[in-house]
Every structure is written in C-alpha cells, then in structure tokens.
Amino acid sequence: MLNKLKKQKKSTQSDTHSYQDLSAENIPKHIAIIMDGNGRWAKKRGLPRVAGHREGMNVIRKIVRYSNRLGVNILTLYAFSTENWKRPKTEVDFLMRLPERFLNVELPTLIEENVVVRVTGEKENLPQYTKRAVEKAIEETKHNDGLVLNFALNYGSRSEIIDGIKSVIKDVEGGKMAVEDLNDSTFSSYLMTADLDDPDLLIRTSGELRLSNFMLWQLAYSEFWFTEVLWPDFTEEHFEEAIRVYQKRQRRYGGV
Ligand SMILES: Cc1cc(N2CCCCCC2)n2ncc(-c3ccc(F)cc3)c2n1
C-alpha cells in the first residue's frame, strides 16, 4: 500500500486525490474519529436530525476507502456512546438501524477491499437486528487482513476501565495475576481494545474540544486534531490535512 502511495506521490494527480506532501513513511497506523455535528448539519438545513446521521454514513464510506488506499492499519469510528441511549427514543431507534443499513450496502465492498470489520462496545445490550448485522459482518470479514474498520458501538470508556479493574481484581484474587505484574501493558490487555494498538491520531469534528468518554486510556499519547467542520461535510481533503498536521508534529517531536 505504501509503495502504491509512493507511486501516486510521484504523479501530481492520482485518480481522485493528489497526496500533496503526505509522507508515505509516516501514515498514522491507527486513526480514531469522533464523528460529531450530524444533528447540527441537519438543523442548519431545516432537516430532521436523522438526515444528518444518514449523510454522515456516506462520509464513512469515503473515509474508509481513502484510509485503505493510504495504508492506514486501523480506523476507529465512534458511532454510538453509552450516553446516547438518553436521546429521544425515535432517534435511538433510527440509530440502531444504521449498522444494518450500512452493512447491507457496504459489506460486499468491504469484503472485496480486504477490510476487517470489528466492533468495540457492549454488544449484548444492542437490539437483536443490530447485533445480528454486526456479527454477520465480523464473521464474513474475519479472514481479511487489510484495514481494520473498528466501530465503537454502545461504547463508554469509563465503564470499560471499571470492568477492566474488576477483571484484574478477580484474577489477582484467583491467583492468575500478581499485583506486582500490573502495569500499562498488562492493564491494556484487560480492555476491549486489547488486540489493537493505541490510536496515533484522534480527529474530532464540529468544533467540540472534549473526549466524551471515548478511549480515555488508549488516547493517553495520541495526537489530537479538531476541526469546526461538521461530520457530514468532512471530506478526504480534511482527512488529508489532519494527517499532514500529524506528520509535521512528528517531525518536530521526532528528535530526542
Ligand atoms: C449507531 C450507528 C450510528 C451511525 N451513524 C452514522 C454516521 C455518523 C455518526 C453517528 C451516526 N453509524 N454509521 C455507521 C454505523 C455502523 C456501526 C456498526 C457497524 F458494524 C457498521 C456501521 C453506525 N452506527
């Protein structure tokens, strides 16, 4: 993938995007995105909030494809937080149908593009139709080895950390774990993201400057890039700008 990027880098214009001054050597391995601003996008246009969520799904398609072409290893998308259950029932019901709606359209392409679908969150509390759709996608892409598309779905970082602590206590009491062996690395293995590297870059859209209970442990050393752009208006160019800024920061702090 990086070689392909190098070739495209030589030409001033690849098929749809020129990777202007993006270094193929330092593409963030794991990019996490808080996809915010969907409701505001709809309100600005006098549309119902759900229209913003629907448009937001179209942006996911573009960013997944672009991430795969750039050679990003893991793309984590914050789709539904444990706090989102407090939204109006009509909106929650609509949101819970989106995984099925997205996968019914996209799964064949994801399989073809060697993408691995993964979900981070409490799947047990999801409606049956939501769980069935995500489990089917996880099963049908588990043998792929390309981009890991990780949806944070019904995910809350504080409850993830509390559950991790409870598991550590259980293992210590059961003699499976010695307290002295507890450190960053062993504790990370008790979290839902045990099999993933931490994010190198966090992107949050719509101008909000907070983490909203998202990957609080995992983002400890990540670069953050915030934009006023609302998620439905987010494009490959915005994504490229975030990576360009990330790469500039890496050069500045690359030294010892
Ligand atoms: C709840 C929810 C909301 C949701 N939004 C649309 C995108 C904008 C931000 C939030 C609303 N999207 N978009 C894709 C999914 C999804 C989740 C799991 C999966 F395996 C496949 C697709 C999704 N899920």
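Read the figures in this text as sums done on the coordinates, not as results from a lab. No experiment lies behind these values; they were computed from the predicted model shown. Quick reminder, even Gly has a Cβ in these numbers, built from the backbone with ideal geometry, and neighbours come from all protein chains shown.
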### Message
With a cut-off of 8 Å between alpha carbons and a minimum separation of six or more residues, what is the relative contact order of the range 61-205 in percent?
### Response
29 percent
### Query
For the charge dipole of the range 100-143, defined by +1 on Lys and Arg C-beta atoms and -1 on Asp and Glu C-beta atoms about the Cα centroid, which residue among Thr130, Val115, Thr141 has the Cα displaced farthest towards the positive pole?
Thr130
### Query
How about Lys123: which aspartates and glutamates have a C-alpha closer than 20 Å to its C-alpha, ignoring those fewer than 8 places off in the same chain?
Glu83, Glu91, Asp93, Glu100, Glu135, Glu139, Glu140, Glu160, Asp163, Asp195
## Note on the structure
Sorted by chain and number, the residues with a modelled amide H under 5 Å from that of Leu77, at a separation of 5 or more or across chains, are Ile33, Asn150, Phe151, Ala152
### Query
Along the positive direction of the dipole of the chain (beta-carbon charges: Lys, Arg +1; Asp, Glu -1; about the Cα centre), which of Val59, Leu153, Val245 reaches farthest?
Val59
### Query
Taking the range 122-228, which chymotrypsin sites (Phe, Trp or Tyr not before Pro) meet the DSSP loop condition and have no more than 11 other C-beta atoms within 10 Å?
Tyr221
### Query
Using a simple charge model, +1 on the beta-carbon of Lys and Arg, -1 on the beta-carbon of Asp and Glu, nothing else, what dipole does the chain show about its Cα centre, in debye to the nearest 20?
900 debye
### Message
Taking 8 Å as the Cα distance limit and 6 or more residues as the minimum spacing, I'd like the relative contact order of the chain as a percentage.
### Response
26 percent
### Task
Quickly work out the Asp171-to-Ile138 label distance, labels modelled 7 Å from Cα along the C-beta direction, and quote it in nm with one decimal.
2.0 nm
### Message
Only four residue types carry charge here, +1 at the Cβ of Lys and Arg and -1 at the Cβ of Asp and Glu. Report the dipole size of the range 57-183 about the Cα centre in Debye, rounded to the nearest 20.
### Response
520 debye
### Task
Find the Cα radius of gyration of the chain, compare it with 2.2 N^0.38 Å by division, and give the number to two decimals.
1.05
### Message
For the chain, what does the helix formula give at 222 nm: sum of -39500 (n - 2.57) over DSSP H segments with n ≥ 4, over the residue count, nearest 500 deg cm²/dmol?
### Response
-14500 deg cm²/dmol
### Task
Using the Cα centre as the reference, give the magnitude of the dipole from point charges on the C-beta atoms of the range 109-241 (Lys, Arg: +1; Asp, Glu: -1; all else neutral), rounded to the nearest 20 debye.
800 debye
### Query
Over the range 145-256, what number does the Rg to Rh ratio reach, with both radii from the alpha-carbon atoms and Rh per Kirkwood?
1.05
### Task
With a cut-off of at most 13 other beta carbons within 10 Å, and DSSP calling the residue loop, which GluC sites (Glu not before Pro) in the range 171-256 qualify? Please list them.
Glu208, Glu228
### Message
With a cap of 16 neighbouring Cβ atoms within 10 Å, and only residues DSSP puts in a loop, list the trypsin sites (Lys or Arg not before Pro) found in the range 128-158.
### Response
Lys142
### Message
Can you give me the C-alpha center-to-center distance between the range 197-249 and the range 20-66, rounded to a whole angstrom?
### Response
11 Å
### Message
What does the extension gain come out to for Thr186 and Val245, with contour length at 0.36 nm per residue minus their alpha carbon separation?
### Response
18.1 nm
